[in-house]
Amino acid sequence: MTTMTTGDRLVDYDEVLTRYEPVIGLETHVELGTASKMFCGCATTFGAEPNTHTCPVCLGMPGSLPVANAAAVEATIRIGLALGCRIASWSRFARKNYFYPDIPKGFQTSQYDEPLCVAGHLDVEVDGREYRVEIERVHLEEDTGKNLHVGGSTGRIHGADHSLIDFNRAGIPLVEIVTRPVPGAGAKAPEVARAYVTELREIVQALGASDVRMEQGSLRCDVNISLNPIGALELGTRTETKNVNSLRSVERAVRFEMRRQAAVLDGGGRVVQETRHFHEDTGTTSSGRSKEEATDYRYFPEPDLVPLAPDADWIEQLRAALPELPAARRARLQQEWGISGTEMTWLANAGALGLVEQTVAAGASPGDARKWWLGDLARRANEAGTELAELPITPAQVAELSGLIAEGTINDKLARQVLDGVLAGQGGPAQVVAAQGLAVLGESDELVAAVEAAIAGAPDVVAKVQSGKVQALGALVGAVMKTTRGKADAGTVKRMLEERVLSS
Amino acid sequence: MSSISRDDVAHLARLSRLAVTDEELDRFAGQLDQVLAAVARVGEAAVADVPPMSHAVPLTNVLRADEVRPSLPRDAVLAGAPAAEEGRFRVPRILGEEE
Ligand SMILES: [Zn+2]
């Protein structure tokens, strides 16, 4: 069955897989978190006034000369090492020539046939199965400026009267990570694409190489998709969907292109090799410029930058300084906390891994830390429409809360009230307990009075207990809890009642 | 045989956003052909075990520390622009390509 949406015929997803094998490929751009730009000393700070971070080098003024940023080169090598790449012993920059207003020099300084890192891989897990994504190359280049289209109704290029350019971003170091085509994911192709970008993002974050914020554009994805008819020898033609800027969109873009291409092929048509644009609002793609037009970049070696030739010592030094990578960390924590792979996946997907780890480090048991972050706090983040990490509570405060329960100062019920106070900005757990008088009652006069009042008020129950029906004590415990409005510790109350009722 | 055709020149002119007349295409094709022929003589001297050279100096790994240095004042940056607006370079409508 095919349906029509936004002018494209689409085949039902499950049906696509009965006739076609999807092949995905990903090109991911990561803006490095260096202090200065790739080839000049301009600052890279996000959100500055337009064109205040520019100089003759990044504006492409005649006579200006670029010098490569050592930190950017090292970050690229570190990313390559983390992805199991071979680091080239000889690597050059190249000019990628094309005209566009956001590129002041008339070319982008990039790498062509001699990238810094080649032949790596990244293993990702989807629904308990591991998929290997081969990395073809990791290379270093520079970002472009930003266009603002003016005069159209939507800020889009169509209908715009003119454009305004801000070159603050031009020349910020950009690492491009290119996969080889990934076959064999079948129905899971959209999820595998998403899992790959998720894992890559975590690795880059663990390396401290970038803040990898997709919503700010510091990690951007181009998604290649083609369909091979099952049983056919010829390979399908791929499309390249540009600027897919959230993890969810990566998955949706793959799914949409699979359904669209299947409809084209089913109808006896040919998939056009082209660039397509992803539309976040509808989850669809639309045709952009055709690839044949744009690929004549006339690359040649950049004469103003000498080659990079990282020697073995330098590479080994960088390798030795790599931090623990996300997959290794997950495996270690899973073992330390004694949890299952599925539980680990929940924690990771909820963005709670680091929070739980820090909570445990602050003294909570792994079980308690998980219970708070995946339970009450996850629910509150969900209600507030925010991420766990954005909640106004720190792992240390969660550990403190957990400690207050363990030592008997508060019980679970009171803990939830304390949590409310902390989240409302009333201070840390101990402060909230003190300020609101939330601590459970010890064997205070108040509690003794409540216990004795309960005994005096129910002589029939006392008689039952004394005649051997010990479970009747529960009614007395309930009465005490009621008078103290939940502030008493049920165990303490029970013990105090037993002492008075059974020993007499 | 000429190594660059009139069509090649037209293609390059288009990629370079240069408006070239028919008469200029013929002239440039002839001139560029001579230039290429002159450069091609290097190939006669090169032997198989000499790798192509992209840089005249035997240097590698020329790098700068990741340190911020002052940028240009924005007024100076925009002073040379044919048109500016809201602190940005103003360019004519971009045609023929999606964003
Ligand atoms: Zn600059």
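The relative contact order of chain A, computed from alpha carbon pairs under 8 Å that lie at least 6 residues apart in sequence, is 14 percent.
Solvent-accessible surface of chain B, taken per residue with a 1.4 Å probe and all protein chains present: 76 Å².
Counted as membrane-span-like here are DSSP H helices of chain A whose alpha-carbon atoms extend 15 Å or more along the helix's own axis and whose Kyte-Doolittle mean is 0.0 or above; these are A:70-82, A:189-207, A:395-406, A:412-423, A:445-457, A:473-483. Applying the criteria of a DSSP loop state and at most 16 other Cβ atoms within 10 Å to the GluC sites (Glu not before Pro) of the stretch B:41-96 yields B:GLU67, B:GLU86. Within a Cβ distance under 13 Å of A:ALA364, other residues only, what is the Lys/Arg minus Asp/Glu net charge? So the surrounding residues net to -2. Mind checking which lysines have their Cα closer than 28 Å to the Cα of A:LYS482? Skip sequence neighbours fewer than 8 apart in that chain. Candidates past the 8-residue exclusion: A:LYS371, A:LYS413, A:LYS464, A:LYS469, A:LYS494. Surface exposure of the stretch A:445-502, expressed per residue as accessible area with a 1.4 Å probe, stands at 54 Å². So if we plug the beta-carbon distance of B:ARG14 and A:GLU125 into 1/(1 + (r/R0)^6) with R0 = 60 Å, what FRET efficiency do we get, rounded to 0.05? The computed FRET efficiency comes out at 0.80. Projecting the Cα atoms of A:GLN108, A:HIS279, A:SER64 onto the charge dipole of chain A, computed from C-beta unit charges around the Cα centre, puts A:HIS279 farthest toward the positive end. Taking the charge dipole of the stretch B:1-49 about its Cα centre, with +1 at Lys and Arg Cβ atoms and -1 at Asp and Glu Cβ atoms, the residue from B:GLY30, B:SER16, B:GLY43 reaching farthest to the positive side is B:SER16. Rolling a 1.4 Å probe over the protein heavy atoms of the protein assembly as shown, with every protein chain left in place, gives an accessible area that is 53 percent carbon and sulfur. Could you tell me whether the stretch A:44-140 comes out rounded, prolate or oblate from its Cα gyration tensor? Rule is a ≥ b ≥ c as square roots of the eigenvalues, rounded for a/c under 1.5, then prolate if a/b exceeds b/c, otherwise oblate. Prolate. For chain B, the longest principal axis of the alpha carbon atoms and the long axis of helix B:22-45 meet at an angle near 70°. By the Cβ-Cβ criterion of under 4.7 Å, the unpaired cysteines of chain A are A:CYS40, A:CYS42, A:CYS55, A:CYS58, A:CYS221. For A:ALA321 and B:ARG93, what does the FRET efficiency come to when R0 = 56 Å and r is the distance between their Cβ atoms, rounded to the nearest 0.05? Plugging the Cβ-Cβ distance into 1/(1 + (r/R0)^6) gives 0.70. With 0.36 nm allotted per residue and the present C-alpha distance subtracted, the A:GLU343-A:LEU65 stretch has 94.7 nm of extension available.
The stretch A:203-269 and the stretch A:48-99 have their alpha-carbon centroids 26 Å apart. With the charge dipole of the protein assembly as shown set up from +1 on Lys and Arg Cβ and -1 on Asp and Glu Cβ about the Cα centre, the Cα lying farthest toward the positive end among the listed residues A:ASN411, A:ALA320, A:VAL306 is that of A:ASN411.
The contact residues of the stretch A:62-89, meaning those that lose at least 30 Å² of 1.4 Å-probe accessible area when all protein chains sit together rather than their chain alone, are A:VAL67, A:ALA68, A:ALA70.
For the stretch A:342-445, GluC sites (Glu not before Pro) meeting the loop criterion (DSSP other than H, G, I, E, B) and having at most 15 other Cβ atoms within 10 Å: A:GLU387, A:GLU407, A:GLU443.
Cβ-Cβ distance of A:LEU235 and A:LYS146, R₀ of 41 Å, FRET efficiency by 1/(1 + (r/R0)^6): the value works out to about 0.65.
Can you tell me how the protein assembly as shown classifies by the Cα gyration tensor, rounded, prolate or oblate, using a/c under 1.5 as the rounded cut? Prolate is the answer for the protein assembly as shown, as a/c is 1.5 or above and a/b outweighs b/c.
Averaged over its residues, the stretch A:270-400 has an accessible area of 52 Å² per residue, based on protein heavy atoms and a 1.4 Å probe. Only Lys, Arg, Asp and Glu carry charge here, each on its Cβ (+1 for the first two, -1 for the last two); on that basis the stretch A:378-504 has a dipole of about 440 debye about its Cα centre. A simple charge model with +1 on the Cβ of Lys and Arg, -1 on the Cβ of Asp and Glu and nothing else charged puts the dipole of the protein assembly as shown at about 940 debye relative to its Cα centre. Here A:LYS37 is the anchor, and the lysines within straight C-alpha reach of less than 17 Å, apart from those fewer than 8 places off in the same chain, are A:LYS105, A:LYS146.
Over the stretch A:337-436, the alpha carbon radius of gyration divided by the compact-protein estimate 2.2 N^0.38 Å works out to 1.02. Here the stretch A:337-436 is treated with +1 on each Lys and Arg Cβ and -1 on each Asp and Glu Cβ, and its dipole about the Cα centre works out to around 140 debye. Taking A:GLU202, A:GLU274 and ordering them by how much accessible surface each has at a 1.4 Å probe, largest first, produces A:GLU202, A:GLU274. Amide H contacts of A:GLN111 (H built 1.01 Å from N, in plane; Pro and chain starts excluded): A:ALA94, A:LEU140 sit under 5 Å, all sequence-distant by 5 or more or on other chains.
In degrees, nearest 10, range 0 to 90: what is the angle between the Cα axis of helix B:6-15 and the longest Cα principal axis of chain B? So the helix axis and the longest Cα principal axis differ by about 20 degrees. Once you order the gyration tensor axes a ≥ b ≥ c over the Cα atoms, which shape class does the stretch A:292-350 get: rounded for a/c under 1.5, otherwise prolate or oblate by comparing a/b with b/c? Note, shape of the stretch A:292-350 comes out oblate.
The values are calculated or read from the model by the stated rules, or taken from the named source; none is laboratory data. A quick note: this is a predicted structure, and the numbers were derived from the prediction, not measured. Reconstructed Cβ throughout: ideal geometry from the backbone, glycine too, with neighbour counts over all protein chains shown. All accessible areas refer to the heavy atoms of the entire protein, side chains included, with ligands and DNA or RNA removed. Shrake-Rupley method; radii C 1.70, N 1.55, O 1.52, S 1.80 Å.
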